[in-house]
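Participant: Submitted below is the structure of interest, expressed as structure tokens.
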Amino acid sequence: MTNMFGQGSKKIMAMQPPLSPWMDETYQEKNVIKKVPVLSATGQRDLCWLKKDYPNWQNIKQNNKDIRLNNISWKNKPDQTIRMIDHWDNFNGTVERGYAGRSIFFDGNKFRKDWKLIKQYAELLQSIRINAISINNVNVRENARFFITNKNNNLDNIKIITDIFAQHNIKTFISINFAAPKIVGGLETSDPLNPKVINFWEKTANQIYKAVPNFGGFLVKADAEGEPGPYQYNRNHADGANVLAKAIKKYKGLVIWRCFVYNHYQDWRAAGEYKVDRMKSAFENFFPLDGQFDSNVALQIKYGPADFQINEPISPLFSRLTKTNKIMEFQITQEYTGQQQHICYLAPIWQEIYKTLADGENKLSKIIPETSPVATNSGISAVGNVGTDANWTGHKLAQANLYAYGRMAWDNSLTAKQIAKEWIELSFPELNNLAKQTIYNILLTSRQTYRNYTAPLGTPSAMCNPGYHYDPFPEGYEYDRWGIYQFPNRDGFGIDRTKSGTGYTEQYLPVVAKKYTDIDKCPEELLAFFHFVPFKKLLKSGKTVIQHIYDTHFEGVETVKKYIVNWKKIQNQKLSNLELKLWQENWQSVFDKLQKQLRSAKNWRDFLNTYYHRLAGTPDKKSRRIYR
């Protein structure tokens, strides 16, 4: 890549975030940096710069001065109204799929009450234009189910958190348990059409908004992975969502209802006969209900039909739901993309998603607001990646994903390259151009590198250990109830999801289905997602599928080795003593993570190459070491 640093760039003054979310989002042309205490890499609260337009954790050169921000351009109006972070924080202080330490909100089934830290986090989110947050796990269990009451001062504490975020133009939501009428209210049922249940939610809403007037609303996971929901009472998801929506409508509250609904007791034998397909579940559950949800309900739809995999097509719900408010869900936390032990810059994935022609003509970024009946009740959400770790995200370079998410949610036209350069200039202004270029090159190649050694041709990166989703286990889910399969045999691998197979492609509009149905026209990065792919099939590169698998897995490992070599080259920088101390802490932290990434990448390479070699029986043309 050509060097992008050290060149003169046009300085564009950034502007303040809007005064309130969900409203007419305009700007003020005032723009300074505020100095606040944030955690350094040593865990100490050093005074560092926290920019109102971006948290520059270690820019200390302009100490005790207010400066204007340069090189960051913001559109006058956001492309998406709701720009939300979902926390999967448990009341005991753990974070589900969290890789950056413990919860900043809770610990030991109590509120942590570190209001200063939460304020810093609110400033961080405001700086990238986030305007909504849900503070607890969508799997609402044990004492967290009582957040809707003031038991143990729950609502009092939620009010403090809500007020802090409100000062930074951010709405606060909580995840709730659908069975709360029984568990919390002591009723015999949680049937959403039962008058007593309706009355319970009305009284609960009144109590919440009396205690927390700025409250945003509810995030709900129901009938998914064992969580309770309306199906228990032979009701549909519109019934379940609307009872909540009616209870909070007078307060202008919003119900965000997740579409991640499927039968997780799936039989692999039935799947092998194409009788079931987990990828079809969201559409089958929600498309028939289009138009039946109240105006203050938004369906939160994962960007793909699986589970935040590195290879997924866009969910067909985005183009097919035209009478329902929609929120697209991303995952910043790296559950299936290396768990913040591996470098995996996610912006290239999001860039592709925003620009996907979801209906064959219009970009997905336009479809979301334009096909939502109430456009201001639509937008983007993502599972967050912060915790109590010293640098917020566990891996220093994982901060780039949080920054990129906020920037792209506001301006869907931004590219991964633009954002990477911004983040590097803001986070490492004191480094020399070689160092900046090195970080840039690593970020921009990291997604493909991770894909190379984990997930060939559209196979799921869920070829990993069930439960904790890390390191390779090629058949971990192959005979499993959770329904992520690839049906490998000596001839090939992959699932026929065309009309002749599971029929998943029929959920798309015909113009979209057409490009996936033909195995020779299907995008190669999704080939095994839509088709059974023979090992002997020739790809566009001229390689057979099996040789492609060998090559990419070896290439992925070699790229990580190059990352380590190049990272060593930038260790020494000509900096002031304090700047050098901060850089060395960050350098060592990333270096240690790269060592872990290399060990894991080698495991992925050797496990998968051996696995496919034993199936296909085809030797590597380059005679590299494949364990037999």
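Participant: Where the centroid of each part is defined by its Cα atoms, how far is segment 569-628 from segment 528-548 in Å?
Facilitator: 26
Participant: Also, I was wondering about something else. Rounded if a/c is under 1.5, else prolate if a/b beats b/c, else oblate: with a ≥ b ≥ c from the C-alpha gyration tensor eigenvalues square-rooted, which is the chain? It would help to have the intermediate numbers written out before the result.
Facilitator: Working: a/c = 1.65, a/b = 1.05, b/c = 1.58.
Cα axes put the chain in the oblate bin.
Participant: Further question: What FRET efficiency do you get for PHE487 and LYS568 if R0 is 51 Å and r is their Cβ-Cβ distance, rounded to the nearest 0.05? The partial results should precede the final answer.
Facilitator: Working: r = 43 Å, r/R0 = 0.84.
That pair, PHE487 with LYS568, gives E of 0.75.
Participant: A further question on this structure: Choose one of TYR265, LEU598, SER315: the residue whose Cα lies farthest towards the positive end of the charge dipole of the chain (beta-carbon charges +1 Lys, Arg; -1 Asp, Glu; about the Cα centre).
Facilitator: Projecting each Cα onto the dipole axis, the largest value belongs to LEU598.
Participant: Under a point spin-label approximation (7 Å from Cα along Cα-to-Cβ), what is the THR189-SER576 distance to one decimal in nm?
Facilitator: The two pseudo-label positions are separated by 6.9 nm.
Participant: For segment 522-626, which chymotrypsin sites (Phe, Trp or Tyr not before Pro) are in a loop by DSSP, counting at most 14 other Cβ atoms within 10 Å? Kindly include the intermediate steps, with their values, before the conclusion.
Facilitator: Details: sites: PHE529, PHE530, PHE532, PHE535, TYR550, PHE554, TYR563, TRP567, TRP583, TRP587, PHE591, TRP604, PHE607, TYR611, TYR612; in loops: PHE535.
Nothing satisfies the criteria.
Participant: Quick check for me: using +1 on Lys/Arg Cβ and -1 on Asp/Glu Cβ, what's the dipole size of the chain about its Cα centre, in debye to the nearest 20? Intermediate results must be reported in sequence, preceding the final value.
Facilitator: Working: 84 positive and 61 negative charges, 306 e Å.
That gives a dipole near 1480 debye.
Participant: If a paramagnetic tag sat 7 Å from the Cα of GLN595 along the Cα-Cβ line, which residues of segment 355-399 would have the backbone N under 18 Å from that point?
Facilitator: Zone members listed by number: 395-397.
Participant: Select from segment 509-568 those trypsin sites (Lys or Arg not before Pro) which occupy a DSSP coil region and have at most 16 other Cβ atoms within 10 Å, ordered by residue number. Could the numbers behind the result be given before it?
Facilitator: Values: sites: LYS514, LYS515, LYS521, LYS536, LYS537, LYS540, LYS543, LYS561, LYS562, LYS568; in loops: LYS521, LYS536, LYS537, LYS540, LYS543.
Qualifying residues, ordered by number: LYS521, LYS536, LYS540, LYS543.
Participant: Put +1 on the Cβ of each Lys and Arg and -1 on the Cβ of each Asp and Glu in segment 459-530; which of PHE487, PHE530, TYR504 then has its Cα farthest toward the positive end of the dipole?
Facilitator: Value: TYR504.
Participant: Still on this structure, I have one more. Which whole DSSP H helices in the chain pass both tests: a Cα extent of 20 Å or more along the axis and a mean Kyte-Doolittle value no lower than -0.5?
Facilitator: Values: long enough: 195-211 (24 Å, -0.62); 433-454 (31 Å, -0.71); 545-569 (36 Å, -0.47); 577-616 (57 Å, -1.05).
Sorted by number, the helices that extend far enough and score high enough are 545-569.
Participant: Per DSSP H run of n ≥ 4, the term is -39500 (n - 2.57); total these for the chain, divide by its residue number, and report the mean residue ellipticity at 222 nm rounded to 500 deg cm²/dmol.
Facilitator: Values: 17 runs with 213 residues, N = 628.
Helices in the chain give a 222 nm mean residue ellipticity of -10500 deg cm²/dmol.
Participant: Another question about this same structure. Expressed as a whole percentage, what fraction of the accessible surface of the chain belongs to carbon and sulfur atoms when a 1.4 Å probe is rolled over the protein heavy atoms?
Facilitator: Values: 11850 of 24320 Å².
That fraction is 49 percent.
Participant: Here's a follow-up. Where the centroid of each part is defined by its Cα atoms, how far is segment 447-484 from segment 199-232 in Å?
Facilitator: Segment 447-484 and segment 199-232 have Cα centres spaced 34 Å from each other.
Participant: Let me ask you something else. Compare the Cα positions of ALA435, PHE146, TYR233 along the charge dipole of the chain (+1 at Cβ of Lys, Arg; -1 at Cβ of Asp, Glu; about the Cα centre) and return the one farthest towards the positive end.
Facilitator: Most positive-ward Cα: ALA435.
Participant: Give, in nm to one decimal, the length gained when the segment between LYS252 and ARG628 is fully stretched (0.36 nm per residue of separation minus the Cα-Cα distance). Please report the intermediate quantities before stating the final value.
Facilitator: On the way: separation 376, 0.36 × 376 = 135.36 nm, distance 6.23 nm.
Between LYS252 and ARG628, full extension yields 129.1 nm more.
Participant: For every other residue with a beta carbon closer than 13 angstrom to the beta carbon of PHE91, add +1 if it is Lys or Arg and -1 if Asp or Glu, then tell me the sum. Mind showing how you got there, number by number?
Facilitator: Working: positive: ARG102, LYS110, ARG112, ARG141, ARG145, LYS151; negative: ASP89, GLU96, ASP107, GLU142.
Within the 13 Å Cβ shell, the charges total +2.
Participant: At most 16 other Cβ atoms within 10 Å and a DSSP loop assignment: could you name the GluC sites (Glu not before Pro) in segment 168-227 that fit? Walk me through the intermediate numbers first.
Facilitator: Numbers: sites: GLU188, GLU202, GLU225; in loops: GLU188, GLU225.
Answer in residue order: GLU188, GLU225.
Participant: Still on this structure, I have one more. At 1.4 Å probe size, with every protein chain present, just tell me what the per residue accessible area of the chain comes to in Å².
Facilitator: On the way: 24320 Å² over 628 residues.
Result: 39 Å² of accessible area for each residue.
The values are calculated or read from the model by the stated rules, or taken from the named source; none is laboratory data. If you're wondering where the values come from, they're calculated on a predicted model, not measured in any experiment. Don't worry about glycine lacking a Cβ; one is built from the backbone with ideal geometry, like all the others, and counts go over all protein chains shown. For accessibility, only protein heavy atoms count, side chains too; no ligands or nucleic acids. Shrake-Rupley method; radii C 1.70, N 1.55, O 1.52, S 1.80 Å.
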